[in-house]
Amino acid sequence: ERDEEMLRALKLEMFWDGEGKAAVSVPFGDFFGDILGHSIPFENALFSDPEGRSFNSNIPMPFRKGARVTVTNESDRTIRLFFYDINFSYTKHNEDVLYFHAFWHREQENELGVDFDILPKIKGRGRFLGSHIGVITHPRYKKTWWGEGEVKVYLDGDTDLPTLVGTGAEDYPGSAWGLGAYTNQYQGCFLAESPRYTFYRYHIPDPIFFKDECRVTIQRMGGAMKSEVIEIRKEGAKIIPVTQGYTNDDGTLGLMLLQDMEPVPDIEDPDLPNGWMNFHRNEDYSATAFFYLDRPVSELPDLAEIR
């Protein structure tokens, strides 16, 4: 049973050192890279799916006293066959070894202008390993582009300004304009067929460590030519304009931060130049965040609470 419904209905959980709360609680497909239930053959640094029908991971998952792994069928359908194997070794770890965690989160609707939490703020010492992200664009935005949102990583006391800031959703997995499908060792895009996009990024060659706390977000922001934005707004699309691009007389490009202008112009103002406009959108985002922490459980909400 490998269809989209079942890959979300199966819940994978992992418990370390006798804890009653799971350190890993993620829909089965989203954990193994079948984000949004979409399966393809692939291999990267952490997962593989040789024929587009299997689920393999080689992520290191150290523990001190014990481990328990469960798979729960939360659907009303019966799975008659379920095959698996888990390989492990008994060895001593350093005193400062970290525990593996995975957290899944989805928001089908959002408050305009509020970033989506790939990883809500966690406390402790650890490492952000990376994420699997799924986006389902809303038909109200038609063919306008969704992927202008910056990924932000807040570390160790950051407040308004994060330590790490990206340049757009398509750039985060290592690509650029008009994100297409590809798979590499540390970044890739499994699916790029409107209205669904799935992509991943693993911070292995570029590790992200934290001493006290970490939070990772992505802006739900897209863009289009100003005329297209005016059109979809007239038809009921919810937007907040952010920037307006324009071309100078000498051919160089400029950018206006609309919310910093006094007064903030209406996008139909004839004095506002034509060009590419970025704007906040309301869209369906989901993400699995992989991270290590110095304790076997974190204070993040349970998957059941989110659902």
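The values are calculated or read from the model by the stated rules, or taken from the named source; none is laboratory data. Predicted, not measured: the structure shown is a model, and the values here were computed from it. All Cβ positions, even for glycine, are placed from backbone atoms using ideal geometry, and neighbour counts span all protein chains on display. Only protein heavy atoms, including side chains, enter the accessible area calculation; ligands, DNA and RNA are left aside. Shrake-Rupley method; radii C 1.70, N 1.55, O 1.52, S 1.80 Å.
Average projected area of the Cα convex hull of the chain, in nm²?
Working: hull surface 73.3 nm².
Averaged projected area of the chain's Cα convex hull equals 18.3 nm².
Just to confirm a number: summing +1 for Lys and Arg and -1 for Asp and Glu over residues other than TYR90 whose beta-carbon lies under 15 angstrom from that of TYR90, what do you get?
+2
At a probe radius of 1.4 Å, what is the per-residue accessible area of ILE40, in Å² to the nearest 10?
40
Ordered by packing density, taken as the mean number of other Cβ atoms within 10 Å over each peptide's residues, highest first, how do 5-12, 63-70, 26-33, 197-204 rank?
26-33, 197-204, 5-12, 63-70
Given the options SER89, SER175, SER48, which has the most mean-square fluctuation in a GNM of the chain, springs set between C-alpha atoms less than 10 angstrom apart?
SER89
Grab the DSSP H runs of the chain that are 4 residues or longer, score each as -39,500 (n - 2.57), total them, divide by all residues and round the 222 nm result to the nearest 500 deg cm²/dmol.
-2000 deg cm²/dmol
For segment 272-280, in order, what is each residue's ³J(HN,Hα) by Karplus, 6.51 cos²θ - 1.76 cosθ + 1.60 with θ = phi - 60°, in whole Hz (x at glycine and Pro)?
7, x, 7, x, 6, 10, 8, 8, 5
I'd like the Karplus ³J(HN,Hα) series for segment 235-244: coefficients 6.51, -1.76, 1.60, θ = phi - 60°, whole numbers in Hz, and an x wherever there's a Gly or Pro.
Going residue by residue, I get 8, x, 5, 7, 9, 10, x, 10, 9, 10 Hz, with x marking Gly and Pro.
Put +1 on the Cβ of every Lys and Arg and -1 on every Asp and Glu Cβ in the chain; which of ILE232, THR91, ASN274 then has its Cα farthest towards the positive end of the dipole?
THR91
Can you tell me the FRET efficiency between VAL114 and ASN274 if r is taken as the Cβ-Cβ distance and R0 is 30 Å, rounded to the nearest 0.05?
The computed FRET efficiency comes out at 0.55.
Can you check what the net charge comes to around PRO41, using other residues whose Cβ is under 9 Å from the Cβ of PRO41 (Lys, Arg +1; Asp, Glu -1)?
Residues near PRO41 contribute -2 overall.
Packing-wise, with mean Cβ within 10 Å as the measure, how do 93-102, 164-173 rank, highest first? Write out the running numbers ahead of the final one.
Working: 93-102: 15.8, 164-173: 18.8.
Going from most to least packed, we get 164-173, 93-102.
Using DSSP to define loop residues, name the GluC sites (Glu not before Pro) in segment 253-307 whose beta-carbon has at most 15 other beta-carbon atoms within 10 Å.
Answer in residue order: GLU268, GLU299.
Cross-chain or 8 or more residues apart, Cα under 17 Å: how many lysine pairs in the chain fit that? Count them up, please.
Number of lysine pairs found: 15.
Please calculate the 1.4 Å probe accessible area of MET256, with all protein chains present, and give it to the nearest 10 Å².
Here the residue's solvent-accessible area equals roughly 40 Å².
Stretched out fully, how many nm does the piece from THR159 to ASN248 gain, at 0.36 nm a residue minus the Cα gap?
This chain segment gains 28.5 nm when fully extended.
Return the distance in nm (one decimal) between the two label points of a simple spin-label model at ASN94 and ARG53, each offset 7 Å from Cα along Cα→Cβ.
In this crude spin-label approximation the distance works out to 4.3 nm.
May I ask you to rank ASP250, ASP117 by accessible area, largest first, using a 1.4 Å probe over the protein chains only?
The ranking, largest first, comes out as ASP250, ASP117.
With r as the distance between the Cβ atoms of ALA176 and LYS21 and R0 = 45 Å, compute the FRET efficiency 1/(1 + (r/R0)^6) and round to 0.05.
Step by step, r from the Cβ atoms, then E = 0.65.
Pick from TRP16, TRP177, TRP146: which residue has the top mean-square fluctuation in a GNM of the chain where Cα pairs under 10 Å get a spring?
TRP177
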